[in-house]
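Read-outs: derived from the displayed coordinates by stated rules, not from any lab. Since the structure is predicted, the reported quantities are computational estimates derived from the model, not experimental observations. Methodologically, a virtual Cβ is constructed for each residue, glycine included, from the backbone with ideal geometry; neighbour enumeration extends over all protein chains shown.
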Amino acid sequence: MTERISELFSLQGKTALISGASSGLGAYFAEVLADAGAEVILAARRVEKLEALASRIAEKGGRARALALDVTDGSSVEAAFTVLDGMVERLDILVNNAGISTTPQRFVDQEESVWSDLLNVNLQGAWRVARQAALRMRAQKSGCIINTGSIYSLCTGIMKTDYNVSKVALAQLTRNMALELGRYGVRVNTLCPGYFASDINAAEFATERGQEYIRRLVPQRLGEYRELAGPLLLLASDAGSFVNGIELPVDGGSLLSPI
């Protein structure tokens, strides 16, 4: 073995852009990548939250900067990447994480505006950011893109047709990008989290109904953010240099049994 395992997973000298970094998984992913040695560019609309996160990362010895970005606006995305070009010499990693969900509804009850707004963020927004990153990575002949999907990239579920369709489409976008960009040394993969504890769902899962739902999951518990760190680093680092075009579920086995 010529390389130590720790070196394979190291991101020293790398620059990573994380969209949707102002809260939730995006903020956590930024901290993980910074802890692995990357300089992280935190991108979202809520710049004040990004700056607070950048300060927390700096306090722990990491490097982070904020970048205003609205994935629903093509002009904003282009402008953000122009600013990025002036901030860093190259972009090595994109974690394409911006996304939303909607109030659970049956397909026939959804308004077209709700459907359109969600797809504009989860699919079109992801495409806008990925395209700009891919143009730069293709030119430098290296890089990796990680699209944040969901286990619903791989299965169905009632009351969330809009969200599920967006994540399935995102997974197909990943595969096609990987096919086109692989010859330029650019890898593209989808990270597919299962059911994870968060500030958004904590109250719901604390109810009797929520607890019953958890008991029906294969692991009989929710995931914890720390359980996404290893899979994220695999896809972002040289440890995953031959991993391209996949959907990687991190769900405790929930996909093994329908719920």
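Quick notes on this one:
- Lys, Arg +1 and Asp, Glu -1 on Cβ, resulting dipole of segment 13-160 about Cα centre, debye, nearest 20: 420
- Check: the chain dipole with +1 on Lys, Arg Cβ and -1 on Asp, Glu Cβ, in debye: 500
- Structure remark: mean-square fluctuation, Gaussian network model of the chain, C-alpha springs under 10 Å; the largest value among R215, R45, R138 belongs to R215.
- Ratio of Rg to Rh for segment 65-153: 1.04 [Cα atoms; Kirkwood radius as inverse mean 1/r over pairs].
- Distance between the 7 Å Cα→Cβ label points at S142 and D85: 2.1 nm.
- What you get for segment 151-209, charging only the Cβ of Lys and Arg (+1) and of Asp and Glu (-1), is a dipole of about 340 debye around the Cα centre.
- Distant-in-sequence amide H partners of V188 (H built 1.01 Å from N, under 5 Å): I145, G245
- Segment 1-101, relative contact order in percent, only Cα pairs under 8 angstrom and at least six apart counted: 31
- Where N is the number of residues in segment 146-259, Cα Rg divided by 2.2 N^0.38 Å: 1.15
- Among L222, I158, V188 - extreme Cα towards positive end, dipole of the chain, charges at beta-carbon: V188
- Table column - 3J(HN,Hα) (Hz), segment 103-110, Karplus curve with 6.51, -1.76, 1.60, x for Gly and Pro: 4, x, 8, 6, 3, 6, 9, 6
- Principal axis dimensions, segment 123-193 - Cα atoms, whole angstrom, descending: 43, 18, 17
- Top of G149, G157, G194 by mean-square fluctuation, Gaussian network on the chain, Cα under 10 Å: G157
- Extension gain (nm, one decimal) between R45 and E3, 0.36 nm per residue minus Cα-Cα: 11.2 nm
- From phi via Karplus (6.51, -1.76, 1.60), per-residue ³J(HN,Hα) for segment 242-247 in Hz, x at Gly/Pro: 10, 9, 8, x, 9, 10
- In terms of other Cβ atoms within 10 Å, S150, S237, S116, S101 run from fewest to most in the order S116, S101, S237, S150.
- Interchain or long-range residues, amide H under 5 Å from A66's placed H: L42
- Summarising the overall dimensions of the chain from its C-alpha atoms, the Rg and Dmax are 17.9, 58 angstrom.
- Only Cα pairs under 8 Å and 6+ residues apart enter the sum, and on that basis the relative contact order of the chain stands at 18 percent.
- Spin-label proximity, A68 to segment 77-95 - amide N less than 19 Å from point 7 Å beyond Cα toward beta carbon: 77-88
- Three-way shape label, segment 80-226, alpha-carbon gyration tensor, a/c 1.5: prolate
- Annotation note: GluC sites (Glu not before Pro) in segment 15-113 located in DSSP loop regions with a Cβ neighbour count of at most 16 within 10 Å are E89, E111.
- For segment 1-143, the convex hull spanned by the alpha carbon atoms encloses 140 Å³ per residue.
- With Cα atoms defining each centre, segment 82-130 and segment 29-66 are spaced 20 Å apart in the structure.
- Whole-Hz ³J(HN,Hα) from phi, Karplus 6.51 cos²θ - 1.76 cosθ + 1.60, for segment 12-29, glycine and proline x: 4, x, 9, 10, 10, 9, 10, 8, x, 8, 7, 6, x, 4, x, 5, 5, 4
- Sorted by Cβ density within 10 Å, fewest first, the residues T148, T156, T72: T156, T72, T148
- Projecting the Cα atoms of V83, L25, A38 onto the charge dipole of segment 1-126, computed from C-beta unit charges around the Cα centre, puts A38 farthest toward the positive end.
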